[in-house]
Amino acid sequence: MNKTLLIIQREYITRVRKKSFIIFTLLGPVFFLLISLLPILIANANKNNLHILVKDDSGLIPALPDTAGLYFTYKYQSIPVNTLKTDYSTIGEGYDAFLYIPAMQPDAPYGIEIYSNEQVSLTTKLYIESIIADKLETINLQQHDLDKNILLKLRPKVDIDDKVTSGESQKEGNAAIASAFGFGMGFIIYIVLLIYGTMVMRGVMEEKSSRIIEVIISSVKPFQLMMGKIVGIGLVGLTQFVAWGFLITILNIIIGILFAGQLSDLQQVSASSGEVEMNAITEAMQSMQNIPIGYYLSMFIIYFLGGYFIYASLFAAIGSLAGDEEGDVQTFAFPVTMLILVSIFIMMAVVQQPHTPLAFWASIIPLSSPIVMPALIPFGVPTWQIVLSIVLLFGGFIFTTFLAGRIYRTAILMYGKKIKVKEVFKWMFYK
Amino acid sequence: MGDIMTFSQVNKRFSDVQALQDVSFTIPENTIFGLLGPNGAGKTTLIRIITKIFAADSGHIVFDGSDIQTQQYANIGYMPEEKGMYKKMKVGEHLVYLGRLKGLKKSAAQERSKYWLEKLGAGDWWNKKLEDLSKGMQQKTQFIATVLHNPKLLILDEPFSGLDPVNAEMIKNEIYQLHQQGTTIIFSTHRMEQVEEICKTIALINKGKLILNGEVATIKQQFKQHKFLISFESLPEIEDNDLFTVDQINGQSVTVQLKSKNDQNQVLQYFISRNAIINAYYEILPSLNDIFISIVNKANHE
């Protein structure tokens, strides 16, 4: 078996079976979902079952459908309204609230009242309003002999499409979606570079300080060991991301089933409370369909790999410079961490203003392009710029692994004495 | 008997230090070879060149008929002075991993790891984590990792440091056995009593230069100071004379320093003629330690 493969295998297996890895991989999505579900859970915890007594004097609303936590009862229609208004909580089993729908015209639904001890929540109120409004709408349409579709046509939806005219082709654009998508891709790469780059650095430091390094490099070339470690840890990262994607999908399905009621509640509420919001969502969905996901994904993978290899090899070189004291390495790690941080700040600026010289340069320089370019691509980047960026990315990867290899093979055996920056530069270019 | 290994004009320079300077010597076949020198003399540099960790600036090292740079890693086994390991790994998988890095197949690596663990009385360690072992146990594991792939050349840097006498003896016996089986062994240390016990031939390096090389017995002869110890039944009176001076008196024994070499028989006659009863009479050879110190001191004064 090839020795580099053997090293990759060890680096991978020893990390993947660690308890900390398994826990982080399993709990990551749970944590993520907890945060995203928090509003629902809080709302849920806050909500009691509400039994509402309904008296409908209009005859227009013969039934109100129950929903999670809301139960409607049509009883005691013969008892006078004024009695019900005061005695709803003691009549029969006792009710939490009393909803009174007076005699009214379907086009003038005035005087609907709800009585309760405590303020009825906004969601409850919105829900009842939307159901009644729906029923009245149907009745009104029938009375005027109107088709709902005609009604909708009377007020056509006005929507300005933004078209991007850069380069050869015109693309459908949606600034909000593009920046969200780009930001997401750039941000994931940023996280990967920091977490797994640091993991490579720690791995190298561990080999150096435990002195195993001397045994290993009397069996393989230092470069093989360095690359084996970088690839192995890269695969660990990939595994974690795939596992997260998988787990989040599964958890979403489970939660969808468990909380189906509550979720549809929320949707109904939003449907009635804000038609505007709903439109925005449908619009977003349509724009999503226009996004060439396959193309973005392949770009993402290219920059993911390129960026990871560039920064992982830099971090490997830094790890090899570490002395026996923990603090030494910070001097060298700081500039590289700064490069990543600066890149993410540039990325944040660039998704707001995607067509500036800063955006251009940051997207082709290999130290920042892995974070900046994926964020720019949804805004439309000319093909020649992408090609140039990828060529430079590849060149940068070759160059940094070469330099890192040179630093690594010398520094990995240096103990005791503190290594100066000047020396490091000498190793890079001197035989 | 031929030479298994030849060093010719080996040079290595680190930015401001000449670590090795024109080092040339040979290692005869079928010996345990001692590589000696004070700290910082260049021993580790030389070993790292042999183990192909880095290359010499100039000069050649030939092992078993071919240049060291063309040797397979599999032919060499190296146990560094600072013995490292992946602490989180289990003994078995650690050994198998290192064996496979040396080119062993997985099955062979497993088989031999088990064989060696049994041999060193550690058959039940397979699933123990290295960090849970005592230091001596860890060192046994490291020794096994070094010899697992049956290297033709075995380099041991201070193999006994940190071992208790029982384990040191055990490892020493294994070294002898490997030597019997034809493994060339380079043994690097600054513990001279171990060298005298184990090595037949040595090279002494100081400040990057070879200052002494040859068989231990020959070197001792070369550095002998013509001292003899005479043990008497009862201590006679000794006057000043032309033959010898008294170096030391210890109970019934006297150490004498000959004034000119090859006069040992006259010394014996001197006492016999004075009716002294002699129980023992033998030459005192310098220890390697004495030679080492005197040479290094001399070299450092130059």
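In the frame of its principal axes, the range B:85-150 has Cα extents of 28, 23, 17 Å, reported largest first.
Across B:His226, B:His149, B:His190, mean-square fluctuation computed from a Gaussian network of chain B (C-alpha pairs under 10 Å connected) peaks at B:His226.
Quick check on the range B:42-137: take the gyration tensor over C-alpha atoms, sort the square-rooted eigenvalues as a ≥ b ≥ c, and tell me if it's rounded (a/c under 1.5), prolate or oblate. Don't jump to the answer; show the numbers that get you there.
Numbers: a/c = 2.81, a/b = 1.85, b/c = 1.52.
Verdict is prolate for the range B:42-137.
With an a/c value of 1.5 or above and a/b larger than b/c for the gyration tensor axes a ≥ b ≥ c computed over the alpha-carbon atoms, the range B:67-224 is described as prolate. Considering only A:Ser58, A:Gly395, B:Gly59, the residue lying farthest towards the positive end of the dipole of the protein assembly as shown is B:Gly59, judged by Cα position with unit charges set on Cβ.
Cα-based radius of gyration for the protein assembly as shown, normalised by 2.2 N^0.38 Å, reads 1.57.
As a proxy for reagent exposure, A:Trp244, A:Trp384, A:Trp427 were ordered by neighbouring Cβ count within 10 angstrom, fewest first; the result is A:Trp384, A:Trp244, A:Trp427. With semi-axes defined as the square roots of five times the eigenvalues of the C-alpha gyration tensor, the equivalent ellipsoid of the range B:191-302 measures 33, 15, 12 Å, largest first.
Relative to the longest principal axis of the Cα atoms of chain B, helix B:91-101 runs at roughly 90 degrees. Using Cβ point charges alone (K and R +1, D and E -1), the dipole size of chain B about the Cα centre works out to roughly 1560 debye.
Taking the range B:40-100 as the region of interest, the number of lysine pairs whose Cα atoms are within less than 26 Å, with members eight or more places apart or on different chains, is 4.
Here the mean projected area of the convex hull built on the C-alpha positions of the range B:187-238 is 5.9 nm². Think of the protein assembly as shown as a dipole: +1 on every Lys or Arg Cβ, -1 on every Asp or Glu Cβ, centred on the Cα centre; then among A:Ile340, A:Ala97, B:Asn300, B:Asn300 lies furthest on the positive end.
Only helical DSSP H runs with n ≥ 4 go in: add -39500 (n - 2.57) per run for the protein assembly as shown, normalise by residue count and round the 222 nm mean residue ellipticity to 500 deg cm²/dmol. Walk me through the numbers before you get to the answer.
Values: 25 runs with 391 residues, N = 733.
Theoretical 222 nm ellipticity from helices: -17500 deg cm²/dmol.
To the nearest ten degrees, helix B:135-147 and the longest principal axis of the Cα atoms of chain B are 80 degrees apart. Size of the range A:33-151: Rg and Dmax of its alpha carbons, in Å, are 16.6, 50. Set Lys and Arg Cβ to +1 and Asp and Glu Cβ to -1, take the dipole of the protein assembly as shown about its Cα centre, and tell me which of A:Phe379, A:Thr14, B:Cys199 lies farthest positive. Going by the Cα projections, it comes out as B:Cys199.
When B:Leu35, A:Leu60 are arranged by Cβ crowding within 10 Å, least crowded first, meaning fewest neighbours, the order is A:Leu60, B:Leu35.
The fewest-to-most ranking of A:Ile139, A:Ile177 by surrounding Cβ atoms within 10 Å reads A:Ile139, A:Ile177.
Values of log10 I(q)/I(0) for chain B across q = 0.16 Å⁻¹ run -1.23, by the Debye formula with one identical scatterer at each alpha carbon and no solvent.
No value in this document is a laboratory result; all are computed from the given coordinates. Remember, it's a predicted structure, so these values are computed and weren't measured experimentally. For neighbour counting, all protein chains shown are included, and Cβ atoms are generated from backbone atoms with ideal geometry for every residue, glycine included.
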